[in-house]
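Down below is the structure, laid out as structure tokens.
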Amino acid sequence: MGSTLIINIGILANTREACHLLRGQELALLPCIENAYLLLEDDQIADYGPMSEWANNQKIPGSVIDARGAVVMPAWCDSHTHLVFAGSRENEFVDKIRGLTYAQINAQGGGILHSARKMNEISEDELFVLAWKRLEEISHLGTGAVEIKSGYGLTLEGELKILRVIRRLREKSNISIRSTFLGAHSYPEAYRENHQGYIALITDQMLPAIAAEKLADYIDVFCESGFFSPEETALICQAGKKYGLKPRLHVNQLNSIGGIQVGIAQEAISLDHLETMTAEDIRDLSGSNTIGTLLPSAAFFLRMPFQPARQLISSGAAIALASDFNPGSSPSGNMQFVVALACIQMKMLPEEAINCATLNGAYALEMGSELGSITRGKRANLLFTKPIPSLAYIPYSFGTNLVDRVMIGGEFI
Ligand SMILES: [Zn+2]
């Protein structure tokens, strides 16, 4: 590929000499260079600075790209999605508008169990085609790294099917992908009255099979009343760790039942959702090394209270933003909208929201040293905007796709 020089960048955003996970007041600092250049060597960032300094640079580029005043920034790092699913659930969406409750929808066979039924009917090839389209869609909306979970199979074969599709996405796409096993998403119909039996299926059959094919990087559990208790969550995390899978968990979405505390004790990389947080939960998370990942589009779609971003930031927690792209509670993987919701509904500053959706998102994927900022040696996963007056225009102009071009590993997609 050789060297590529990008000139006339209106704002080069999130430029950092060195990186670390951001927390507290640091989140509001988004270093930028106006009227900048960016030099790439193959798929990596080699150098950057103001255009006025380019003349002093001795390197001769192989090719030149004129950014024509665009904002150039790291592509979004979306650290929580379920984008491999078989069928959409807009019927359920309309039923909810008509007034049906979550319990009534579940009783009709809707919800996660509906997705699980569809998943067990579809072939792996058909599932791959659907997931590939969604991956293409989010990459054109500016996502350059993504985590994808299983959890709609709830059988050994179904979970393996999803994880094999994630592996195929990883092989075909240049986007950076992390894979998470979420067998503990819900209890399948057959185990409705036998929770211990399903947990044993996860720990004794699913995990060894997944590990044998090296299909997952992480293990996830839906720790929630009526689903998996903190004790069951700990048991499943420990079983995953035996196979090298680190925990990242769904906690505190509907109830505060000790998910934060069990996640910290299990050294989870990230604890996600956090709609329902007590003062103690916020204090414990802030005092830990675990990242809190906020999913505002799920709160928006389910008409739930938004996550307490301001309290988390003021107490010093490390937080990230992700889309939760899934058919039931967030049928969108648009990170521009996630950033807009974070600013509009959670009162995050645009700088905070962008840091949480890029650098801290990268840390939530354990890719903080490779992605998420404009730093020498990092991979050139970049987003070029349409002409916009400022970075704050991104959340301000919600609903408009402001992404013009996306570069993954130094090449436009
Ligand atoms: Zn989720």
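We did not get these values from a lab; they are worked out from the coordinates using the rules stated. From a predicted model like this one, the values you see are computed outputs, not experimental measurements. As a convention, Cβ positions derive from the backbone with ideal geometry for all residues, glycine included, and neighbour counts pool all protein chains shown.
Among LYS96/LYS347; LYS96/LYS149; LYS133/LYS242, which pairs are too far apart, with a Cα-Cα distance over 32 Å? Result: LYS133/LYS242 exceed 32 Å. Specify the residue with the greatest mean-square fluctuation among GLY399, GLY333, GLY87, computed from a Gaussian network of the chain linking alpha-carbon atoms under 10 Å apart. Comparing GLY399, GLY333, GLY87 in the GNM, the peak value goes to GLY399. Inter-part distance, the range 284-340 to the range 346-397, computed on C-alpha centroids, equals 15 Å. What fraction of the Cα pairs in the range 141-278, stated in percent, has a spacing above 20 angstrom? Tail of P(r) above 20 Å: 44 percent of Cα pairs.
Taking a Cβ cut-off of under 12 Å around ALA239, the surrounding Lys, Arg, Asp and Glu residues balance to a net charge of 0, with basic ones at +1 and acidic ones at -1. Between GLN108 and VAL64, the contour length at 0.36 nm per residue exceeds the Cα-Cα span by 10.0 nm.
Near ARG248: Cβ cut-off under 14 Å, other residues only, Lys/Arg at +1 and Asp/Glu at -1. The net charge is -4.
Charge dipole (Cα centre; +1 on Lys/Arg Cβ, -1 on Asp/Glu Cβ; no other charges) of the chain amounts to roughly 300 debye. Calculated on C-alpha atoms, the gyration radius of the chain divided by its Kirkwood radius gives an Rg/Rh of 0.98. With the biggest extent put first, the Cα atoms of the range 280-374 measure 33, 30, 23 Å across the principal axes. Using a Gaussian network model of the chain in which every pair of alpha carbons under 10 angstrom is joined by a spring, one finds that among SER332, SER229, SER63 the greatest mean-square fluctuation is at SER63. Taking a quarter of the surface of the Cα convex hull of the range 341-407 gives a mean projected area of 4.9 nm².
Mind giving me the FRET efficiency for TYR243 and LYS133? R0 is 25 Å, r the Cβ-Cβ distance, nearest 0.05 is fine. E(calc), rounded to 0.05, equals 0.20. Look at the alpha carbon pairs under 8 Å that are at least 6 residues apart: their mean separation over the length of the range 36-166 gives a relative contact order of 29 percent. Charged neighbours of PHE222, selected by a Cβ distance under 13 Å, balance to -3 (K, R count +1; D, E count -1).
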